[in-house]
Amino acid sequence: MKNNIDAFLDLVKERNGHEPEFLQAVEEVAETVIPYIVKHDIYYGKNILLRMVEPERLISFRISWVDDQGEIQVNRGYRVQMNSAIGPYKGGLRFHPTVNASILKFLAFEQVFKNSLTTLPMGGGKGGSDFDPKGKSDNEIMRFCHAFMSELFRHIGPNTDVPAGDIGVGGREIGFLFGMYKKLRNEFTGVLTGKGMSWGGSLIRPEATGYGTVYFAEKMLSTKGDDLKSKSVVVSGSGNVAQFAVEKSLQLGAKVLTMSDSSGYIYDADGINTEKLAHVMELKNVKRARIGEYIKKYPNAEFVKGKTPWEVKCDIALPCATQNELNEGDANTLLSNGCICVSEGANMPSTKDAITAFHKAKILFAPGKASNAGGVATSGLEMTQNSLRFNWTREEVDDKLKDIMSNIHDSCIEYGKEEDGYIDYVKGANIAGFVKVADAMLAQGIV
Ligand code: NDP
């Protein structure tokens with residue numbers, strides 16, 4: 001078995017040696033999926049995984065735009081169209097200075113499995129730019145988004161590829177992107193998700209990733225006859241996913257101790273309650289300030305500069321910021337502090353060694369492709385509502401989201417339950433996601 005995995009990974013490394021994040025994501029999948037392929041004749045010898053690691057299309061383009069000082073700026077834009085076997089490409093756009101082909105290929109690859117797990121008909125893609133939205137005026141953001149879409153529009157469409165938000169791309173950016181798409185195509189169509197409510201959006205879409213991450217944690221805890229009530233929760237990030245993970249944790253009776261951004265974390269021993277969360281939302285979404293500002297209003301809290309929050313004692317950890325933000329040392333600290341459950345809101349926030357530590361300690365651990373799938377699932381629901389020209393109520397969307405998270409949890413158990421009863425959610429999510437895409441690829445032939 002090890003030979004099969006090593007031979008496959010050697011080949012992928014040979015072709016993508018300079019893309020560490022992509023290789024990390026592929027390795028995690030290969031280690032669980034190849035043993036499954038070897039045991040199942042219908043998949044064996046067909047190079048399905050090798051086909052899945054090669055993007056169907058990788059588009060890279062120049063974005064020129066003019067800043068408020070009249071200077072011409074140049075950024076790089078991408079769209080990775082990874083796999084369309086089960087539906088149009090679907091996945092977010094990320095605007096962050098670290099964006100490159102490796103990061104977007106890892107995100108697009110993960111997205112293929114995640115979208116398959118939702119049971120909705122969506123293929124996988126991801127895109128973005130190395131543009132840094134921090135410190136930019138609203139007008140600069142608008143000009144950049146318009147310039148970005150003036151190239152991307154020819155590669156996407158409601159039946160081809162439907163982007164959404166991710167780091168640095170929220171409701172404001174989706175609005176500017178949609179406006180330019182509509183102008184260029186002269187059609188009002190569901191080409192992006194995460195839209196505003198008055199122009200084709202879905203209720204609960206902004207909340208969905210964070211809510212879904214917490215629903216998944218609740219499902220994992222229920223396998224131990226436990227729940228979130230009175231649990232202490234440590235959250236990283238203070239963006240879209242983190243904010244709504246905190247909101248749902250509070251609604252389910254937990255105490256939230258931390259939030260963070262790339263400058264450090266705040267630790268509020270009294271708990272970040274609903275009123276304090278509203279202040280964080282105001283700081284991050286309206287004032288676009290740094291998380292450290294929190295202690296100006298709540299001086300009992302502490303701001304820990306330049307660090308991640310994993311050193312704070314907790315029952316549950318929700319990493320909701322970015323990839324590789326939780327390493328082996330952090331995992332060991334969480335474990336020695338008694339953490340019993342980790343549900344990933346971000347994509348690949350735990351390093352490979354951190355995941356190994358969680359598995360060794362046999363705690364509840366959910367990889368992002370399962371636990372944060374609520375965002376794209378609700379995007380799928382937005383696409384359905386756009387096609388029907390109809391809107392479901394908040395309760396209807398939330399119920400569908402809960403059902404989807406529960407179904408993903410069941411799929412993880414189906415493929416990930418081990419002989420001793422421990423549920424390996426990584427293995428479960430990878431195999432369940434693989435099977436549906438692989439079956440579709442086999443049915444469609446060598447294309
Ligand atoms: P936002 O841009 O809204 O927020 C990102 C948060 O993470 C900010 O607090 C940001 O801090 C922090 N962050 C970003 N980069 C770093 C870094 N290098 N080091 C430390 N902190 C960092 O993004 P989202 O909340 O939408 O996304 C967060 C994660 O969730 C990402 O991994 C994304 O891929 C994933 N995700 C998002 C979905 C969605 O629906 N939005 C769906 C599924 C997954 P700062 O402001 O300082 O940069």
- Return the total of residues in the stretch 176-196 being within 16 Å of the ligand (Cβ to nearest atom) and either more than 24 Å from the chain's Cα centre (by Cα) or of a type in the set (Val, Ile, Thr) (or both). 1
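Yes/no per residue for (1) modelled with pLDDT of 95 or more; (2) touching a helix residue (DSSP H, G or I) at 6+ places or on another chain (Cβ under 6 Å); (3) among the hydrophobic types (A, V, I, L, M, F, W, C); (4) within 23 Å of residue 50 (Cβ to Cβ):
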| position | (1), (2), (3), (4) |
| --- | --- |
| 399 | yes, no, no, no |
| 409 | yes, yes, no, no |
| 436 | yes, yes, no, yes |
| 443 | yes, no, yes, yes |
- Task: Within the stretch 84-108, count every residue that is touching a Phe, Trp or Tyr at 6+ places or on another chain (Cβ under 7 Å) and away from the ligand (no atom under 11 Å from the Cβ).
- Result: 3
- Using the structure shown, decide if residue 143 is assigned to a helix (DSSP H, G or I) and either of a type in the set (Gly, Ala, Ser) or crowded, with 16+ Cβ neighbours inside 10 Å (or both). yes
- Task: State the number of residues belonging to the stretch 312-333 that are away from the ligand (no atom under 16 Å from the Cβ) and without any contact (Cβ under 8 Å) to a residue 40 or more places away in the chain.
- Result: 5
- Item | Conditions (1) touching a residue at least 12 places away in the same chain (Cβ under 8 Å); (2) within 28 Å of residue 133 (Cβ to Cβ); (3) surrounded by fewer than 20 Cβ atoms within 10 Å (Cβ to Cβ): number failed by residue 246 | (3)
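How many of the residues making up the stretch 295-309 are within 12 Å of the ligand (Cβ to nearest atom) and closer than 21 Å to residue 250 by Cβ? If you could, list the steps in order and put the result at the bottom.
So the first thing to find is which residues in the stretch 295-309 are within 12 Å of the ligand (Cβ to nearest atom), and the list is 306-309.
Subset that is closer than 21 Å to residue 250 by Cβ: 309.
Matching residues across the stretch 295-309 total 1.
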- Task: Look at the stretch 427-447 and say how many of its residues are polar (S, T, N, Q) and farther than 30 Å from residue 362 by Cα.
- Result: 1
- Message: Residues to consider are 116, 129, 137; find the one that is modelled with pLDDT of 95 or more and either under 14 Å from the mean Cα position of the chain (by Cα) or more than 23 Å from residue 284 (Cβ to Cβ) (or both).
- Response: 116
- Message: Checking residue 33 against (1) free of Cβ contacts under 8 Å to residues at least 60 places away in the same chain; (2) touching a helix residue (DSSP H, G or I) at 6+ places or on another chain (Cβ under 8 Å): exactly one of these is not met. Which one?
- Response: (1)
- Task: Specify which of the listed residues (113, 188, 153, 131) is among the hydrophobic types (A, V, I, L, M, F, W, C) and either under 28 Å from residue 445 (Cα atoms) or part of a strand (DSSP E or B) (or both).
- Result: 113
- Message: Could you go through the stretch 399-408 and let me know if any residue there is out of contact with any Asp or Glu (no Cβ under 7 Å at 6 or more places or on another chain), closer than 17 Å to residue 240 by Cβ and part of a helix (DSSP H, G or I).
- Response: yes
- Residue ID - surrounded by the most Cβ atoms within 10 Å (Cβ to Cβ), chosen from residues in the stretch 181-207 that are touching an Asp or Glu at 6+ places or on another chain (Cβ under 6 Å) and closer than 14 Å to residue 387 by Cβ: 193
- Search the stretch 342-357 for residues that are touching a residue at least 60 places away in the same chain (Cβ under 8 Å) and of a type in the set (Ser, Thr, Tyr) and pair each with any residue that is within 15 Å of the ligand (Cβ to nearest atom) and in a strand (DSSP E or B) when their beta-carbon atoms are under 6 Å apart and the residues are at least 6 apart or on different chains. 343/318; 343/366
- Message: Within the stretch 344-371, take every residue that is polar (S, T, N, Q) and within 16 Å of the ligand (Cβ to nearest atom) and give me the one that is nearest to residue 427 (Cα to Cα).
- Response: 371
- Do we have any residue at all in the stretch 206-224 that's more than 18 Å from residue 371 (Cα to Cα) and either in contact (Cβ under 8 Å) with a residue 12 or more places away in the chain or not polar (S, T, N, Q) (or both)? no
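The values are calculated or read from the model by the stated rules, or taken from the named source; none is laboratory data. What you see is a predicted model; the values in this text were computed from it and never measured. Cβ sites come from the backbone with ideal geometry, for glycine too, and all protein chains shown count toward neighbours.
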